[in-house]
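Worksheet for the structure shown next.
The values are calculated or read from the model by the stated rules, or taken from the named source; none is laboratory data. As the structure is a prediction and not an experimental result, all values here were calculated from the model. Note that each Cβ is placed from the backbone with ideal geometry, even for glycine, and that neighbours are counted across all protein chains shown.
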Amino acid sequence: MARQIISRFSFLIALSLLGGCATVATNTSQTFDTVVVDAGHGGKDSGAWRRSGPPEKAVALDVALRVDKKLRDSQLKTVMTRNNDVFIPLDTRVDIGNQQANAIFVSIHFNDSRRSGVQGFETYYHSPYAFDLAAAIERNLSTLPGSINRGVHTARFRVLRNLRYPSVLVECGYLSNRSERREAGNADYREQLADKIAEAIVNYRYGTDAYRRSNAMVARAGGGASIAPAFR
């Protein structure tokens, strides 16, 4: 914990020295009522891909659609940068995000490496206001059985540094790793990923167990039907 505090303090100093090099985010981390859900890649941009499994653009979209529904079931407003297999330029994703008021931005991706043995979850942020949200998502994903926590890191990805409010990018495992590629191709596993991400967001905003309470309300109302997977 002390190490994380030092890291955040150092980042704040660095950000102040950089001045106008990036958008300075407004702190909506405790007030947001809208989540912009960004499914990475799409269309001509497949993202990470291996012959024996689905491309990143497909699994990222599937997880994002599931996260979107779970957040709406929890009474949060949502906006998706894409909801089908289309190419959306990074600047357009940023523009979509910046058009929303009192929001946060969550970008869903899967990772890649030249080394097939590398695996695990990683979460990235740029604004210091986004650190706690990034840490909450990383911590929640790491409760999945057999998961590997590769940590929370700062990055200058365009969808992080140019947003006007806190934004995070979630890497949901390595498609270059045989085991995680196989899991990514499983609809039940993608549902678990989405559940952990949505739970972290809702609990971060409304407090411990808020996600469970909202799910119970949806169940009593007769809702909560799952999204049909785009592929198996």
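Look at the range 104-119: where a residue is among the acidic types (Asp, Glu) and a partner is not in a loop (DSSP other than H, G, I, E, B), sitting 6+ places away or on another chain with Cβ atoms under 9 Å, you get ASP112/GLU56; ASP112/TYR174.
So which of ASP62, ASP33 ends up being modelled with pLDDT of 95 or more, within 21 Å of PHE105 (Cβ to Cβ), more than 16 Å from the chain's Cα centre (by Cα) and not polar (S, T, N, Q)? On inspection, the qualifying residue turns out to be ASP33. Please verify whether ILE96 is buried (at least 24 other Cβ atoms within 10 Å of the Cβ), modelled with pLDDT of 95 or more and not hydroxyl-bearing (Ser, Thr, Tyr), treating the condition exactly as stated. Considered against the rule, which asks whether it is buried (at least 24 other Cβ atoms within 10 Å of the Cβ), modelled with pLDDT of 95 or more and not hydroxyl-bearing (Ser, Thr, Tyr), ILE96 comes out as no.
Looking across the range 99-113, the residues that are closer than 24 Å to ALA48 by Cα and either at pLDDT below 95 or among the β-branched types (Val, Ile, Thr) (or both) come down to VAL106, ILE108. For the range 120-190, no strands (runs of 3 or more DSSP E) sit wholly inside it while including 3 or more residues that are touching a Lys or Arg at 6+ places or on another chain (Cβ under 9 Å), crowded, with 20+ Cβ neighbours inside 10 Å and among the hydrophobic types (A, V, I, L, M, F, W, C).
Here's the yes/no breakdown for (1) modelled with pLDDT of 95 or more; (2) over 17 Å from VAL36 (Cα atoms); (3) of a type in the set (A, V, I, L, M); (4) within 18 Å of the chain's Cα centre (by Cα):
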{"site": "ARG156", "(1), (2), (3), (4)": "yes, yes, no, yes"}
{"site": "VAL170", "(1), (2), (3), (4)": "yes, no, yes, yes"}
{"site": "LEU175", "(1), (2), (3), (4)": "yes, yes, yes, yes"}
{"site": "GLU191", "(1), (2), (3), (4)": "yes, yes, no, yes"}
{"site": "ASP195", "(1), (2), (3), (4)": "yes, no, no, yes"}
{"site": "GLU199", "(1), (2), (3), (4)": "yes, no, no, yes"}
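Any idea which residue in the range 207-232 is modelled with the highest pLDDT, counting only those that are assigned to a loop (DSSP other than H, G, I, E, B), more than 22 Å from TYR189 (Cα to Cα) and over 20 Å from the mean Cα position of the chain (by Cα)? In this case the residue turns out to be ALA221. If you go through the range 43-80 and pick out every residue that is farther than 25 Å from ALA210 by Cβ, buried (at least 20 other Cβ atoms within 10 Å of the Cβ) and not charged (D, E, K, R), you end up with 7.
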